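A quick write-up on the structure given underneath.
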Amino acid sequence: MKNVFPNYKRYPIELVEGKGTNVKDAQGKTYLDFTSGIAVCNLGHVPDSVKTVVEAQLNKIWHTSNLYESSLEEEVAAKIAQNEAYQVFFCNSGTEANEAAIKLARKYTHKEKIISFTQSFHGRTFGSMSATGQSKIKKGFGKLVPGFEFATFNENSALEQIDEDTAAVFIELVQGEGGVNVADPTWVQAIQAKCEETGALLIVDEIQTGIGRTGTRYAFEQYAISPDMYTLAKGLANGFPIGAMIGKNKLAEAFGPGSHGSTFGGNKIALAAAKQVLTEIDQPAFLEELNIKAADFKKQLTALVKGLPGSEVRGKGFLLGIELPGPADEVIAACRENGLLVLSAGPNVLRILPPLTATEEEIAAALAILNDALLEKWMIQEG
Ligand SMILES: *Cc1c(COP(=O)(O)O)cnc(C)c1O
């Protein structure tokens, strides 16, 4: 790749075809994709139902700009909000959704201080990057956006940092990039209480955890909280670029005409896909089945790594991580050799993100490959 910036470390294969959980590389080798394109293809690759609605929309109109009404936008927004008192702003990526949340929080509260957490990841643009609690993401880019402060994830000391000057608290309920760290519900509820007390807005970054990934439509449903805002992207349109910032009705006054915008936001191809994705996630059997498969998968993974010193299986639903006693890279390479694609989340954490539609047979096959890569190769290398 001579004319493409080397800003990604790429694995040495090119995926050229996909269907469901299966992908094929340019050499014709097939793999089980337990990355879902980083939590994007939640319904698997090229699902027929999404393909059909996208094809239909392709034949109608693609883009109209936000100068005109859009009933498709209204329909998808209503589905996203699930009849709750929320409004939606559409954009094209996760970082844009978080930028919108940061801007709205400051404009609504007339305050600047935003608190986020150690090991968090919120995106690569200046605002979202400034909110990210990992120095490796921010190194070399000069002065960041002022006003961001970091608190320790899952620690009560965070509560003391939230005060009358705080515009918002930004949180992932399961930190995806930062190591698959699950927030403690009691702690999150205390954060919400402190936000209510001080007038700070609680913003949940659901970009990786949302759209069924953790076993509920949104992860916050499992925390008995009511965020002032939440953000979506990755899985929302199953592979078409989209982002969404969702905020309570009261916030609308600060986002009046001209206050914020995006040329591509509300793109009709992406929205057609999103509408279908949400319809499928909302079938009652869909998440029920996912939760059964996920509980079983986690149990088997836990049994699998039992012999590895210091190892731990973490996560919710199909956002799972295995803390390994050493580098995840070797395990990832061994899995890939044997036809299974998995990811990392930091140096020693293996991250596993199957499509939510992965079957029990596919999970069993993945476990067998992981078993070989993890236990046999790893333990042999460990001597
Ligand atoms: C991926 C991710 C983002 C950034 O999304 P982009 O679409 O890459 O901008 C932000 N927050 C979380 C939690 C993510 O996982």
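The values are calculated or read from the model by the stated rules, or taken from the named source; none is laboratory data. Keep in mind it's a predicted model, so treat the numbers as computed, not measured. Please note: Cβ atoms are built from the backbone with ideal geometry, for glycine as well, and neighbour counts cover all protein chains shown.
One table, with the values for the structure above:
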{"read-out": "Helices (runs of 4 or more DSSP H) wholly inside region 75-166 containing at least 2 residues that are within 15 Å of ILE191 (Cβ to Cβ) and in the same structural domain as GLU177 (by the TED database)", "value": "157-161"}
{"read-out": "Residues satisfying the stated conditions in region 100-120, i.e. among the aromatic types (Phe, Trp, Tyr) and in contact (Cβ under 8 Å) with a residue 60 or more places away in the chain", "value": "TYR108"}
{"read-out": "Number of positions in region 212-233 that are more than 12 Å from the ligand (Cβ to nearest atom), in contact (Cβ under 8 Å) with a residue 60 or more places away in the chain and aliphatic (A, V, I, L, M)", "value": "1"}
{"read-out": "Unmet criterion (only one of (1) under 23 Å from THR166 (Cβ atoms); (2) under 24 Å from the mean Cα position of the chain (by Cα); (3) more than 16 Å from the ligand (Cβ to nearest atom)) for HIS110", "value": "(2)"}
{"read-out": "Boolean, GLY140 is of a type in the set (Gly, Ala, Ser) and either away from the ligand (no atom under 16 Å from the Cβ) or farther than 18 Å from GLU96 by Cβ (or both)", "value": "yes"}
{"read-out": "Total residues in region 301-338, condition of a type in the set (Asp, Glu) and closer than 20 Å to GLY215 by Cβ", "value": "1"}
{"read-out": "Single residue of VAL54, VAL4 found to be more than 16 Å from the ligand (Cβ to nearest atom) and either surrounded by 18 or more Cβ atoms within 10 Å (Cβ to Cβ) or in a strand (DSSP E or B) (or both)", "value": "VAL54"}
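Every residue, every condition in (1) of a type outside the set (Ser, Thr, Tyr); (2) crowded, with 23+ Cβ neighbours inside 10 Å; (3) modelled with pLDDT of 95 or more, yes or no:
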position	(1), (2), (3)
LEU201	yes, yes, yes
TYR230	no, yes, yes
GLY235	yes, yes, yes
ASN249	yes, no, yes
ALA252	yes, no, yes
HIS260	yes, no, yes
LEU271	yes, yes, yes
GLN276	yes, no, yes
